[in-house]
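Below is one structure, written out as structure tokens, with a few remarks after it.
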């Protein structure tokens, strides 16, 4: 498995400078799905910015192979950027991902907010 390490935050266009192959998009970006389909992604560092700029590329294209990732580290910058690092976590495990029911204190808090507006 090849490893591409980017030492600084770069735009998606900047990743084109890293070693690549047929998954590269000559229109100025790259195909996440192509890299995932080739099974060469060990880690995903995701930066979520609190802005909407319009349409963009899909994060995972249709050709992406099924893979499990786990959250390894995360933080939030002072201006609201969420930085999350996900690492490979073996095979995908299916199951129930429902949240636990709310506690009595949470139910009481919701009731109070609804009554008081």
Check your understanding: Do you know which residues across the stretch 71-95 are in a loop (DSSP other than H, G, I, E, B), free of Cβ contacts under 8 Å to residues at least 24 places away in the same chain, in contact with a strand residue (DSSP E or B) (Cβ under 9 Å, 6 or more places away or on another chain) and within 22 Å of residue 49 (Cβ to Cβ)?
Key -> 77
Review point. Which one of 98, 64 is at pLDDT below 90, out of contact with any strand residue (DSSP E or B) (no Cβ under 7 Å at 6 or more places or on another chain) and surrounded by 10 or more Cβ atoms within 10 Å (Cβ to Cβ)?
Key: 64
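The values are calculated or read from the model by the stated rules, or taken from the named source; none is laboratory data. Being a predicted model, the structure only gives us computed values, none of them experimental. Don't worry about glycine lacking a Cβ; one is built from the backbone with ideal geometry, like all the others, and counts go over all protein chains shown.
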